[in-house]
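The values are calculated or read from the model by the stated rules, or taken from the named source; none is laboratory data. All values reported here derive from a predicted model rather than from experimental measurement. In this analysis, Cβ positions are derived from the backbone assuming ideal geometry, glycine residues included, and neighbour counts consider all displayed protein chains. Heavy atoms of the whole protein, side chains included, go into the accessibility calculation; ligands, DNA and RNA do not. Shrake-Rupley method; radii C 1.70, N 1.55, O 1.52, S 1.80 Å.
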Amino acid sequence: MTMTSLLLALGGLVALTLFAVLLFQQLFYLLLLTVALAALLLRPPRRETRTLWSELVDVAPSLTILVPAHDEEATIVDSVRALLALQYPRFEVVVVDDGSRDATLARLREAFALEPVAGPPPQRLVRAPVRGVWRARDLPRLTVVAKENGGKSDALNAGLELATGELVCSVDADSLLESDSLLRAVEPFVLDETTVAVGGTVRVANGCRVERGRVVAAELPRRWLPRLQAMEYIRAFVMARLAFARLGALTIVSGAFGLFRRDLVLELGGYRRDTVGEDFELVMRIHRHCRERGRPYAVHFVPEPVCWTQAPERWRDLARQRIRWHRGALETFFAHADMLTRPRRYGAPALLGLGTLFLVDVLAPAAELLGWLLLPVLGLTGGPVLDLALAWLALAVGGGIALSCGALILEELELARVPRAGDLLRLALAAVVENLGYRQFVNVCRMIGHLQWLRGATGWGRIARRGFARPTSGEASS
Amino acid sequence: MIPEAVAPLLRFAWTATLLFLLLALSITLVLVLRRLVGELAAPRRARALAAVHRHLLEAALGRRDPAAVPPGPYPPREAVAELVVELAAMGRGEMRRRLAAAAKALGVLDHLLARSRSRRAALRARAARRLGLFAPVAPRAVRAALARLLDDPAGEVRVAAAETAAGLDGEARRAVADRIRRDPVFTRRLALPCLERLGGADPALLDSLAEGADAARLARLLEAAGRARLLPLAPRALAALRHPAVAVRLAAARALVEMEHPRAAAALAELAADADPALRLEALLLMAERPRAPYLRILRARLDDPDPGVAFRARHLLARLAPAAEVPA
């Protein structure tokens, strides 16, 4: 065998391997789409809240909302007011000022007439020192903690120590919750006593009209980049998370909006401070902890509760965010990779959760990128090259569009949260455009995240946010 | 070199993907068109709903014959059913009966009976909750449907049917009590409102359920008894104050506080001195919910609690309850 024929054979093998990985990825997504469809058909989301309140008002467990805040002076007061006005029978809000350099704490003290509470709070978890605790005399449900800067996990740990609710709900300070989202999200805890964590849907708030920390008119983002992310979020939440939860393999409860049993989180030692993917890591530890002790437990996902979050509007910010997410995913994956070696013990979360994370999120993006780069070269290897190129294009682009449309169909049939027909059409267009450059860009970011993780990079990086669209004075008065 | 043998597979892959894409795009387009048609028809539907709303309201107030069906077009029956539930919440007695009669004439009862046989458990549960409204105008049909739903395989449907039936006559209530005694779903939190509704009239039922119940179930039953202020169950709550399970001790104290039992303060004092700091903290929170003068003594005793969290909360509560001069720095 000559060197040339050996290279050609090797090229063919590489091409087919890359194709096989892509095929596996798309088939797996198709499976998720089918499972999500089944999940929504079996348990359709509730659209009205009237009955929900009367059903849950007496039985909903007490809840503490943890709000880590860092340099949020512009929005914190409105955010806290909106949180205090949520529909839920028994809850409190604990805001943790994580060493803000701006006037976040001063704004809170002024707006809610906070009074300092003497004595340091008890330290049960690892966290940076607390500077003080304040409570509002007229609002017994509000507590504010100021502490040295230590990052989001650190702030959540400080909040956890002061929380008194049976459940804790972590919410980003710049996220907005729909008024009934807690009621909807708590339902699995009431229906299923083994529930330990519940995740809810997160949507892109760019373009929405926001008044006093609440989305009053849900709109699609006007710019293309956040609109593409809006489509991506629909696919991730309506399709992937719902399906994973149904399969008992949900490994991520979004840090922007997730509910946990407080006693379990405390038992686990709170959030880990050495990772940027603290939400993913906590859920993996919950799986590990409960399975090692043979404790019955369930991690649910409820598609209806909506938390609105701001998506990056610039490519550079998007890249930073995705690099960080990927790094966090890798940190958690390798911290818990040993679970993969004992599938009998760790079951679906290890096999499906971690296993697919590796194949679909680590291997497949690299394979897809490599495929796009090598496709022209592989054309020289001979054989049914045209068929390979067509199959590759069909799977990578056509398959991606079809899956996004599938998620959009699920969204429209079961949730119907897209405001207008025109918006639905725009999202369908976004589903097409997303696969013609955006997805490939995200894959490049993931690879950079991979390299940064190999180099041992840490830190969150800063992402510029535009702030929520506010009404003009005329709009506000009308 | 790519082997020729894989060519059929590759061809199948791209053809199948393209067909899938075509299907997905077509369905999306159909949904967009459906939404567009819905948006165009929205004003007409709103007018129809307003006309039905007017008819139902006037029929309920006795200004119109409930059996006389207004001229169409009609909005979807599900929307009418929601409207009826909303209106029913505003009235009682004869007004509700007339409203139910008018809704029945509009086909809402038939719609709910059909929904009670849906393959979706959530829809059956929703129908079960709404059927109770029609008991005065179609007692036999409603009772039969509820009896069937009480044996539904889905727990939430059984709970919904039981809640509805618990609000009906004696025979239906007996059926519910019977079901509760042999159904594990009623030990869950969701079933508590139903237990409370029945328990208000039948404390013996709650008491019998508490007999031999495990800790979780006992805690929930005590909470239910507290919320329904069932004083006949106070002895059981008092006995539960020394239960080995923390949740039961807490639920017992909470029940006594809710019942405003004379021994509530003593129970809270006992709870506030419990060996478990989490329980001591919960006792303080219970006091915060219903502040009373006798609690000051308990709070002062907790100012030097070995757990800083408990001491911290006691100090804060005391600041709220007592004049500033009495609160130590």
For this session: State whether the residues of segment A:158-172 include one that is over 27 Å from residue A:210 (Cα atoms), β-branched (Val, Ile, Thr) and touching a residue at least 40 places away in the same chain (Cβ under 8 Å).
Result: yes
Exercise. What number of residues within segment A:417-426 are open to solvent by 40 Å² or more (accessible area, probe 1.4 Å) and either more than 8 Å from every other protein chain (Cβ to nearest Cβ) or part of a helix (DSSP H, G or I) (or both)?
Worked result: 4
Exercise. Any idea which of (1) in a helix (DSSP H, G or I); (2) open to solvent by less than 20 Å² (accessible area, probe 1.4 Å); (3) within 14 Å of chain B (Cβ to nearest Cβ) is the one residue A:304 doesn't satisfy?
Worked result: (1)
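Can you pull out every residue in segment B:231-247 that is open to solvent by less than 10 Å² (accessible area, probe 1.4 Å) and at pLDDT below 85? Steps first, answer last, please.
Filtering segment B:231-247 for residues open to solvent by less than 10 Å² (accessible area, probe 1.4 Å) gives B:233-234, B:237, B:240.
Listed by number, the list holds a single entry, B:233.
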For this session: Could you please find all residues in segment B:1-31 being in contact with a Pro (Cβ under 7 Å, 6 or more places away or on another chain) and outside any helix (DSSP H, G or I)?
Result: B:2
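Each row is one residue, and each column tells you yes or no for (1) of a type outside the set (A, V, I, L, M); (2) in the same structural domain as residue A:173 (by TED's automatic domain parsing); (3) crowded, with 19+ Cβ neighbours inside 10 Å.
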residue	(1), (2), (3)
A:82	no, yes, yes
A:86	no, yes, yes
A:94	no, yes, yes
A:98	yes, yes, yes
A:101	yes, yes, no
A:105	no, yes, yes
A:109	yes, yes, no
A:115	yes, yes, no
A:129	yes, yes, no
Problem set entry | Residues satisfying the stated conditions in segment A:323-341, i.e. closer than 19 Å to residue A:299 by Cβ and either in the same structural domain as residue A:394 (by TED's automatic domain parsing) or of a type in the set (A, V, I, L, M, F, W, C) (or both) | A:329, A:333, A:335, A:339, A:340
For this session: Give the residue, chosen from A:429, A:370, A:363, that is open to solvent by 10 Å² or more (accessible area, probe 1.4 Å), under 30 Å from residue B:34 (Cα atoms), assigned to a helix (DSSP H, G or I) and not assigned by TED's automatic domain parsing to the domain that holds residue A:289.
Result: A:429
Problem set entry | Pair list, Cβ < 7 Å and 6+ apart or interchain, from segment B:39-62 residues that are free of Cβ contacts under 8 Å to residues at least 40 places away in the same chain to residues that are open to solvent by 40 Å² or more (accessible area, probe 1.4 Å) and of a type in the set (Lys, Arg) | B:39/A:420; B:58/B:64; B:62/B:98
Exercise. Does residue B:28 qualify as being of a type in the set (Ser, Thr, Tyr) and open to solvent by less than 50 Å² (accessible area, probe 1.4 Å)?
Worked result: yes
Problem set entry | Complete set of residues in segment B:1-23 that are crowded, with 16+ Cβ neighbours inside 10 Å and either of a type in the set (Ser, Thr, Tyr) or more than 7 Å from every other protein chain (Cβ to nearest Cβ) (or both) | B:17
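Kindly indicate the residue of segment A:313-349 that is free of Cβ contacts under 8 Å to residues at least 40 places away in the same chain and not basic (Lys, Arg) and also surrounded by the most Cβ atoms within 10 Å (Cβ to Cβ) among those meeting that condition. Step through it out loud before you land on a result.
Within segment A:313-349, the subset free of Cβ contacts under 8 Å to residues at least 40 places away in the same chain is A:316, A:333-334, A:337-338, A:340-344.
Checking the rest, the ones that are also not basic (Lys, Arg) come to A:333-334, A:337-338, A:340-341, A:343.
Numbers: A:333: 23, A:334: 11, A:337: 12, A:338: 12, A:340: 16, A:341: 9, A:343: 15.
Here the answer is A:333.
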Problem set entry | Within segment B:276-313, tally of residues that are of a type in the set (A, V, I, L, M), in contact with a Leu (Cβ under 7 Å, 6 or more places away or on another chain) and within 20 Å of residue A:139 (Cβ to Cβ) | 4
Exercise. What's the number of the condition residue A:183 fails, among (1) surrounded by fewer than 20 Cβ atoms within 10 Å (Cβ to Cβ); (2) within 14 Å of chain B (Cβ to nearest Cβ)?
Worked result: (1)
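Does residue A:166 satisfy being open to solvent by 40 Å² or more (accessible area, probe 1.4 Å) and under 19 Å from the mean Cα position of the chain (by Cα)? Show your work before the answer.
Numbers: open to solvent by 40 Å² or more (accessible area, probe 1.4 Å): yes; under 19 Å from the mean Cα position of the chain (by Cα): no.
So residue A:166 fails the test.
Hey, among the residues in segment B:31-40 that are of a type in the set (D, E, K, R) and within 8 Å of chain A (Cβ to nearest Cβ), which one's most open to solvent (accessible area, probe 1.4 Å)?
B:39
Does residue A:137 satisfy the condition of being among the charged types (D, E, K, R) and open to solvent by 40 Å² or more (accessible area, probe 1.4 Å)? Spell out how you get there, then give the answer.
Working: among the charged types (D, E, K, R): yes; open to solvent by 40 Å² or more (accessible area, probe 1.4 Å): yes.
It is true that residue A:137 is among the charged types (D, E, K, R) and open to solvent by 40 Å² or more (accessible area, probe 1.4 Å).
Given the condition open to solvent by 40 Å² or more (accessible area, probe 1.4 Å), farther than 30 Å from residue B:141 by Cβ, more than 33 Å from the chain's Cα centre (by Cα) and not aromatic (Phe, Trp, Tyr), answer yes or no: does some residue in segment B:58-68 qualify? Please lay out each step first, then the result.
If we filter segment B:58-68 for residues that are open to solvent by 40 Å² or more (accessible area, probe 1.4 Å), which is where we start, we get B:58, B:61-65, B:67-68.
Of the ones still in play, those that are also farther than 30 Å from residue B:141 by Cβ are none.
No, segment B:58-68 contains no residue that is open to solvent by 40 Å² or more (accessible area, probe 1.4 Å), farther than 30 Å from residue B:141 by Cβ, more than 33 Å from the chain's Cα centre (by Cα) and not aromatic (Phe, Trp, Tyr).
Residue by residue through segment B:113-137, note down the ones that are assigned to a helix (DSSP H, G or I), without any contact (Cβ under 8 Å) to a residue 40 or more places away in the chain and within 14 Å of chain A (Cβ to nearest Cβ). Steps first, answer last, please.
Pass one, segment B:113-137, residues assigned to a helix (DSSP H, G or I): B:113-115, B:121-134.
This time we only want the ones that are without any contact (Cβ under 8 Å) to a residue 40 or more places away in the chain, so: B:113-115, B:121-129, B:131-132, B:134.
Scanning segment B:113-137 gives B:115, B:121, B:122, B:123, B:124, B:125, B:126, B:127, B:128, B:129, B:131, B:132.
Would you tally the residues in segment A:343-363 being charged (D, E, K, R) and in contact with a helix residue (DSSP H, G or I) (Cβ under 7 Å, 6 or more places away or on another chain)?
Residues of segment A:343-363 that are charged (D, E, K, R), as a first pass: A:344-345, A:361.
Restricting the remaining residues to those that are in contact with a helix residue (DSSP H, G or I) (Cβ under 7 Å, 6 or more places away or on another chain) gives A:345, A:361.
Number satisfying all stated conditions: 2.
Tally time: how many residues in segment A:197-223 are open to solvent by 40 Å² or more (accessible area, probe 1.4 Å) and on the phi > 0 side of the Ramachandran plot? Let's see the steps before the verdict.
Quick first cut of segment A:197-223, residues open to solvent by 40 Å² or more (accessible area, probe 1.4 Å) only: A:209, A:211-212, A:214, A:216, A:219, A:222-223.
Still in the running and on the phi > 0 side of the Ramachandran plot: A:212.
Qualifying residue count, segment A:197-223: 1.
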For this session: Restrict the check to segment B:253-268 and report whether at least one residue is within 12 Å of another protein chain (Cβ to nearest Cβ) and open to solvent by less than 50 Å² (accessible area, probe 1.4 Å).
Result: yes
Seminar exercise, completed: Of those in segment A:382-405 that are in contact (Cβ under 8 Å) with a residue 60 or more places away in the chain and assigned to a loop (DSSP other than H, G, I, E, B), the residue farthest from residue B:8 (Cα to Cα) is A:382
